[in-house]
Ligand SMILES: [Fe+2]
């Protein structure tokens, strides 16, 4: 998918990014290093846009580029992407020496799981918001992958998500880098956690109420026993007092 000259240029560019510590960690793949919305990589996004539009059969608008150097033992868990990734390209930039192809697993709706094996320069175009995708545990360091994300120019997310909410391509994100997870999925997860916590609080309240009730009963029993003891020692006291 990437011509040899672009691929070679990108390898040099990635080495410069690495030398300048431009990669950082993200929550989706915390062991690996990534960079999002970089101006030169956004330029690849814009450069390849007409070709990807031709492949999918409709006009695309650019959202953002993202790149990751996968670390050994990293796993990309099965997920769907957020709305800025209606149409995505994942391209293999670098494969560690002697390692096998870069493998992406996909599960389209109403269809069997499949996998795509990429050599350097190969790319896979997929509907990131509809197709579940994941990567199995990496056995070595250093697979570099470039992701290029688009929305449909006549679709519901245009123009709201063009440039992924930024002023223009290459613009820095307010919080440093783009979000890698689907906001709806994050919200659903947070809601689930909140409901779980609320259930726990309700159960604890019931337990406290039951314990309070039980303590009240115990208290009244102790009072009764106290009264009985008082009654039992009273005649003795009367005798003693009269001596
Ligand atoms: Fe994804």
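The values are calculated or read from the model by the stated rules, or taken from the named source; none is laboratory data. Computed from a predicted model, the values in this text were never measured in an experiment. Cβ placement follows ideal geometry from the backbone for every residue including glycine, while neighbour counts extend to all protein chains displayed.
Inspect the range 36-59 for any residue being assigned to a strand (DSSP E or B), buried (at least 19 other Cβ atoms within 10 Å of the Cβ) and within 16 Å of the ligand (Cβ to nearest atom) and give the result as yes or no. Yes; the residues of the range 36-59 include at least one that is assigned to a strand (DSSP E or B), buried (at least 19 other Cβ atoms within 10 Å of the Cβ) and within 16 Å of the ligand (Cβ to nearest atom). Summed over the range 159-201, the residues that are in a loop (DSSP other than H, G, I, E, B) and modelled with pLDDT of 75 or more give a count of 17. For the range 29-38, the criterion of a residue being more than 17 Å from the chain's Cα centre (by Cα) and either in the same structural domain as residue 159 (by TED's automatic domain parsing) or on the phi < 0 side of the Ramachandran plot (or both) is satisfied by at least one position. Of the candidates 77, 129, 90, the single residue that is under 17 Å from the mean Cα position of the chain (by Cα), free of Cβ contacts under 8 Å to residues at least 60 places away in the same chain and crowded, with 17+ Cβ neighbours inside 10 Å is 129.
Among the residues of the range 88-130, those that are touching a helix residue (DSSP H, G or I) at 6+ places or on another chain (Cβ under 7 Å) and at negative phi comprise 89, 93, 94, 120, 125, 128, 129. Residue 236 falls short on exactly one of the conditions (1) modelled with pLDDT of 65 or more; (2) loosely packed, with under 10 Cβ neighbours inside 10 Å, and that condition is (1). Do we find that residue 112 is assigned by TED's automatic domain parsing to the domain that holds residue 161, in contact with a strand residue (DSSP E or B) (Cβ under 8 Å, 6 or more places away or on another chain) and away from the ligand (no atom under 13 Å from the Cβ) in this structure? Against the criterion (assigned by TED's automatic domain parsing to the domain that holds residue 161, in contact with a strand residue (DSSP E or B) (Cβ under 8 Å, 6 or more places away or on another chain) and away from the ligand (no atom under 13 Å from the Cβ)), residue 112 does not qualify.
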